[in-house]
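Encoded as structure tokens, the structure appears first; notes follow it.
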Amino acid sequence: FSLRLKGYRILSRRFRTRVGEIDIIARRGHLIAFIEVKQRPTRDLCEAAITGETRARVRRAADAWLARNETYHTCAIRFDLVFVVPGQWPIHLPGAL
């Protein structure tokens with residue numbers, strides 16, 4: 001997956017809690033990235049699938065994950081998107097969520 005090639009270490013996949021879920025949690029240096037992955041036939045459909053509720057759900061779940069993982073409290077936090085479109089490399093959009 002392209003995140004590893006960019007130097008990220010995957011900390012968790014499909015982290016689920018009562019308040020929401022996060023597809024991927026990754027670390028690179030002192031940065032924790034909470035990543036929402038959308039797979040659709042086109043990039044436009046991926047973009048259309050990101051709603052205010054999507055953003056809120058990921059942020060709630062990130063708060064829950066951070067509460068359980070105090071080791072990372074000093075890290076910077078970012079909310080990213082990854083779009084998966086058939087026939088293309090995954091599109092990583094840092095800070096887009």
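The values are calculated or read from the model by the stated rules, or taken from the named source; none is laboratory data. These numbers come from a predicted model, not from an experiment. Cβ: placed from backbone, ideal geometry, glycine included. Neighbour counts: every protein chain shown. Note: areas computed on protein heavy atoms with side chains; ligands, DNA, RNA excluded. Shrake-Rupley method; radii C 1.70, N 1.55, O 1.52, S 1.80 Å.
With the condition kept exactly as written, say whether any residue in segment 43-52 is open to solvent by less than 20 Å² (accessible area, probe 1.4 Å), under 13 Å from the mean Cα position of the chain (by Cα) and of a type outside the set (A, V, I, L, M). Checking segment 43-52: not a single residue is open to solvent by less than 20 Å² (accessible area, probe 1.4 Å), under 13 Å from the mean Cα position of the chain (by Cα) and of a type outside the set (A, V, I, L, M).
Collect the residues in segment 80-97 that are of a type in the set (Gly, Ala, Ser) and in contact with a Lys or Arg (Cβ under 8 Å, 6 or more places away or on another chain), keeping them in residue-number order. The answer is 95, and nothing else. Is it true that residue 81 is crowded, with 16+ Cβ neighbours inside 10 Å and touching a residue at least 60 places away in the same chain (Cβ under 8 Å)? No; evaluated as a whole, the condition is false for this residue.
Every test in (1) touching a residue at least 24 places away in the same chain (Cβ under 8 Å); (2) more than 19 Å from residue 13 (Cα to Cα) is passed by residue 87 save one, and that test is (1).
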